[in-house]
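The values are calculated or read from the model by the stated rules, or taken from the named source; none is laboratory data. Bear in mind that the values here come from a model prediction, so they are computed numbers and not experimental data. Here Cβ is always computed from backbone atoms with ideal geometry, including for glycine, and neighbour counts include all displayed protein chains. Calculation scope for accessible area: heavy atoms of the full protein, side chains included, ligands and nucleic acids excluded. Shrake-Rupley method; radii C 1.70, N 1.55, O 1.52, S 1.80 Å.
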Amino acid sequence: MIQVKGLNKWFGDHHVLRDIDLDVARGEVVVVVGPSGSGKSTLCRCLNRLETAGSGDILVDGVPAPVEGRELARLRADVGMVFQSFNLFQHKTVLENIVLAPMKVRGDGRAEAEASARRLLERVGIAEQAGKLPAQLSGGQQQRAAIARALAMRPKVMLFDEPTSALDPEMVGEVLEVMVRLAADGMTMVVVTHEMGFARRAADRVVFMDAGQIVETGEPGAFFEAPQTDRARDFLAKVL
Ligand code: ADP
Ligand code: MG
């Protein structure tokens, strides 16, 4: 579903992604972990072209990431993204937040878009919040609304960049639960998170990044029980 080959990214002369190779199979859940500043967010942003790659190739579902216009809109629809800060439109209801892009980008009619939005809200467990403004929801509910909004575009891949890092601890579980179910339903997912419990439970593969490189990759059992590199061992000693 995703093929990254030789991806490099610079911000000025700061080399933040170094020769990244990463394949994500259809239906696979890859959890990306690593210290702050290691390039995890930049990698996600390159995957959906919020950032342009400095060099290298990124294919989504076999198609080279296009760079502009209608093609770019389609790529963004195929690759859903959920951020740490929920990024909902604050002056629109939850339902409006979800129907906006399907109507505008995909040209769905309102009735169809609303029916689909209500199904998605049901799926993430906040059907009764449809008519509220984001500020009237808890953080966990807002993040679940953001997940529903991303799913409304029927993406082929979902990227999550620290989706629970801004939440009060008691709300982390409800968001992870939605993600676990999404994974079980077969969604292809790339998840940046510090929630090692989620990684153990839901990841097919863990990718450990440090200083712009993929240092180690393995199944969660192997990665957590027997990390291969000093850098991964140091990292795990700090977070576990
Ligand atoms: P992570 O998500 O792993 O914490 P990031 O991808 O956010 O790491 O950042 C990787 C490196 O790139 C950091 O050194 C960060 O300061 C730098 N960086 C990220 N975004 C920008 C930007 N827009 N301009 C300049 N430097 C950036
Ligand atoms: Mg980040």
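Please specify each residue of the stretch 122-149 satisfying the condition of being open to solvent by less than 10 Å² (accessible area, probe 1.4 Å) and closer than 27 Å to Val30 by Cβ.
Val124, Ile126, Gly140, Gln143, Ala145, Ala146, Ile147, Ala148
Would you be able to tell me the number of residues in the stretch 194-240 that are open to solvent by less than 50 Å² (accessible area, probe 1.4 Å) and hydroxyl-bearing (Ser, Thr, Tyr)?
Qualifying residue count, the stretch 194-240: 1.
Return a yes/no flag: does the stretch 5-22 have any residue that is of a type outside the set (Asp, Glu), free of Cβ contacts under 8 Å to residues at least 12 places away in the same chain and at positive phi.
yes
Collect the residues in the stretch 165-212 that are in a loop (DSSP other than H, G, I, E, B), closer than 27 Å to Thr229 by Cα and within 16 Å of ligand 2 (Cβ to nearest atom), keeping them in residue-number order.
Ser165, Thr193, His194, Glu195, Ala211, Gly212, listed by residue number.
Of the residues in the stretch 38-63, how many are free of Cβ contacts under 8 Å to residues at least 60 places away in the same chain and either farther than 28 Å from Leu100 by Cβ or aliphatic (A, V, I, L, M) (or both)?
Total meeting the criteria: 10.
Looking at Pro155, Pro169, which one is at negative phi and open to solvent by less than 30 Å² (accessible area, probe 1.4 Å)?
Sole residue among the options that is at negative phi and open to solvent by less than 30 Å² (accessible area, probe 1.4 Å): Pro155.
Give Phe89, Phe83 a once-over and let me know the one that is in contact with a Leu (Cβ under 8 Å, 6 or more places away or on another chain), hydrophobic (A, V, I, L, M, F, W, C), in contact (Cβ under 8 Å) with a residue 12 or more places away in the chain and under 30 Å from Glu51 (Cα atoms).
Details: Phe83 fails: in contact with a Leu (Cβ under 8 Å, 6 or more places away or on another chain).
Among Phe89, Phe83, only Phe89 is in contact with a Leu (Cβ under 8 Å, 6 or more places away or on another chain), hydrophobic (A, V, I, L, M, F, W, C), in contact (Cβ under 8 Å) with a residue 12 or more places away in the chain and under 30 Å from Glu51 (Cα atoms).
Any idea which of (1) away from ligand 2 (no atom under 16 Å from the Cβ); (2) small (Gly, Ala, Ser); (3) under 21 Å from Arg205 (Cα atoms) is the one Gly39 doesn't satisfy?
Unmet for Gly39, out of (1) away from ligand 2 (no atom under 16 Å from the Cβ); (2) small (Gly, Ala, Ser); (3) under 21 Å from Arg205 (Cα atoms): (1).
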